[in-house]
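One structure is given here, and the rest of the page talks about it.
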Amino acid sequence: MYKFNSLTNNNVPEDVHVDVIRAIAQYNKSLALNPNNPHAYTNLGVAYKAIGLREKAMATFDAALSLFE
């Protein structure tokens with residue numbers, strides 16, 4: 001049975017939440033090395049959305065879109 005993290009509104013299982021937090025850290029490291037990588041921004045946005053950080057996700061998707069133009 002999953003333990004649910006009370007910090008998120010979308011009831012992400014705690015083990016998945018931890019994996020997403022780790023992924024966010026890795027995408028941020030990737031973007032520090034190459035800030036012009038739209039795919040890293042897209043994946044980061046998906047990760048933010050997965051844990052309920054909608055505003056951060058939208059800003060990150062906007063950053064990705066600006067690089068695709």
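Each reported figure results from applying straightforward, stated rules to the coordinates on display, with no laboratory input. In this text, all values refer to a predicted model and were calculated from it rather than measured experimentally. Note that we place each Cβ from the backbone using ideal geometry, even for glycine, and neighbour counts take in every protein chain shown.
In sequence order, the range 14-27 has phi-based couplings of 4, 5, 5, 4, 4, 5, 5, 4, 5, 5, 4, 4, 5, 5 Hz under the Karplus curve 6.51 cos²θ - 1.76 cosθ + 1.60, θ = phi - 60°, and Gly or Pro positions carry x.
Between E14 and N28, the simple spin-label model (points 7 angstrom out along Cα→Cβ) gives 2.2 nm. Where does the charge balance sit around N43 when Lys and Arg score +1, Asp and Glu -1, over other residues with C-beta under 15 Å from its C-beta? Taking every other residue near N43 into account, the sum is +2.
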